[in-house]
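Structure, as structure tokens:
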Amino acid sequence: MNSGLEKLHPYPFERLAQLKQETSVVTNAEHIDLSIGEPKHTIPEFILNELQKQLPMVASYPTTRGIDALRQAIAEWLSKRFQLPDGSISADRNILPVNGTREALFAFAQCIIDSNSNHSNKKNRPVVILPNPFYQIYEGAALLANAEPYYINCVEANRFLPDFDVVPEDIWQRCQLIYLCSPGNPTGAVIGQESIKKLLELADKHDFIIAADECYSEIYLDEDAPPVGLLQAAANLGRNDYQRCIVFHSLSKRSNVPGMRSGFIAGDAELIQAFLRYRTYHGCAMPLYTQMASIVAWQDEGHVRGNRTLYRQKFDAVLDILKPVMNVTKPDASFYLWPETPVPDAEFATGLYSRQNITVLPGSFLSRSIPIGNPGENRIRVALVAEIDQCVEAAERMCEYINTLRW
């Protein structure tokens with residue numbers, strides 16, 4: 001057995017299910033689930049129509065590289081969305097379709113981490129740096145690649161962004177890979193150009209790779225200020241070869257098709273080629289009918305703008321209700337709230353489920369305790385994925401529950 005399996009923590013939703021199993025609901029109110037980041041907005045009909053149209057393609061094997069038309073559509077979208085220099089992104093060299101970002105984020109570490117490093121000596125063991133709190137795949141990927149995770153707390157005092165200055169020099173020296181998540185899950189924080197510039201300088205100095213999870217990049221609240229991407233920041237610095245940079249994108253949040261499992265990675269051509277070789281053996285080619293439906297999704301922005309409008313409406317409505325009773329702020333992007341709780345987060349989630357039949361995710365389930373503290377303690381993640389009426393009702397019921405804690 002891979003020894004890393006013994007090091008894996010229970011997945012947050014396993015812990016949440018156990019918490020709920022041990023809790024009795026004492027209300028007849030309808031259950032509202034705000035715990036999981038699964039988009040519930042209407043799937044664009046033109047995507048469904050294309051899927052239906054292309055179903056006969058199940059008779060053909062897909063290739064790992066994907067069809068030329070899909071990679072070209074992705075290249076055009078990337079270049080336009082992130083204002084990349086003409087010709088700097090090649091559909092042949094810089095892009096690889098993947099079955100959603102989750103499997104790619106995990107597999108990338110297995111491909112990139114040098115398994116020939118001296119793991120028996122902790123001083124030489126490879127390091128994977130990740131934000132804390134974090135998407136649990138980053139940690140699992142590091143552990144199963146026999147690397148040491150190193151956590152950077154993302155706290156309110158630093159606008160929920162990772163502070164690269166706190167990382168010791170010896171950690172940078174052992175770092176082989178760093179995961180970024182911008183916009184962040186669960187905080188919605190967006191890393192800016194200057195921070196990325198600093199990280200690129202560190203990557204050059206210490207020879208590590210930057211893996212930027214940008215699956216929430218299209219869910220932003222200011223239509224005139226889309227989040228900067230890693231490739232965009234690199235290009236702004238004249239790094240048009242995108243060396244050491246890989247970005248991960250998905251249609252799940254952008255186009256409300258989480259079950260379609262369609263995304264891509266893009267960036268450094270040498271890394272793309274290495275990952276293609278890995279994936280050829282891994283056996284994870286995207287079905288042809290999914291590729292065809294993905295093309296039409298990447299080529300349309302109207303449904304994405306409509307999506308953002310719905311989320312903005314929900315944030316405005318819910319924050320008006322919650323702000324008088326909680327320390328909660330509107331994020332820069334994503335569809336999550338990350339409020340403080342008046343009692344420990346797991347206790348709050350349990351009470352809210354019992355008294356109001358509302359499910360939220362305790363923040364401590366998404367983070368790890370390190371010597372300077374656990375940034376998820378006394379916070380919850382609230383996913384505003386339900387219809388606006390349900391989100392408003394959930395906020396009102398949350399207020400009712402909070403008011404009972406004051407007496």
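The values are calculated or read from the model by the stated rules, or taken from the named source; none is laboratory data. Here the structure is a predicted model, which means the values were calculated and not measured. Positions of Cβ are generated from backbone atoms using ideal geometry, with glycine treated the same way; all protein chains shown enter the neighbour counts.
Picking from residues in segment 1-25 that are surrounded by 11 or more Cβ atoms within 10 Å (Cβ to Cβ) and more than 23 Å from the chain's Cα centre (by Cα), the one that is modelled with the lowest pLDDT is 2. Within segment 165-179, the set of residues being of a type in the set (A, V, I, L, M, F, W, C) and over 11 Å from residue 210 (Cβ atoms) comprises 166, 167, 171, 172.
Give me a count of the residues in segment 94-124 that are in contact with a Ser or Thr (Cβ under 7 Å, 6 or more places away or on another chain) and more than 27 Å from residue 84 (Cβ to Cβ). So the answer is 1. Residue 201 meets each of the listed conditions (1) in contact (Cβ under 8 Å) with a residue 24 or more places away in the chain; (2) farther than 30 Å from residue 327 by Cβ apart from (1). Within segment 139-186, if we keep just the residues that are small (Gly, Ala, Ser) and assigned to a loop (DSSP other than H, G, I, E, B), the residue that is farthest from residue 364 (Cα to Cα) turns out to be 145. Restricting 196, 210, 191 to residues that are part of a loop (DSSP other than H, G, I, E, B), in the same structural domain as residue 128 (by TED's automatic domain parsing), free of Cβ contacts under 8 Å to residues at least 60 places away in the same chain and not basic (Lys, Arg) narrows the list to 191. In this structure, does residue 75 turn out to be in a loop (DSSP other than H, G, I, E, B), farther than 23 Å from residue 181 by Cβ and not charged (D, E, K, R)? Taking the combined requirement at face value, the residue does not satisfy it.
Being touching a His at 6+ places or on another chain (Cβ under 9 Å) and in contact (Cβ under 8 Å) with a residue 40 or more places away in the chain holds for only one residue in 95, 67, 74, 113, and it is 74.
Within segment 144-162, residues that are farther than 15 Å from residue 330 by Cα and assigned by TED's automatic domain parsing to the domain that holds residue 340 have Cβ atoms under 8 Å from residues that are assigned to a loop (DSSP other than H, G, I, E, B) and among the small types (Gly, Ala, Ser) in no pair, counting only partners at least 6 apart in sequence or on another chain.
Counting only residues that are within 19 Å of the chain's Cα centre (by Cα), in a loop (DSSP other than H, G, I, E, B) and among the hydrophobic types (A, V, I, L, M, F, W, C), segment 337-347 holds 1 of them.
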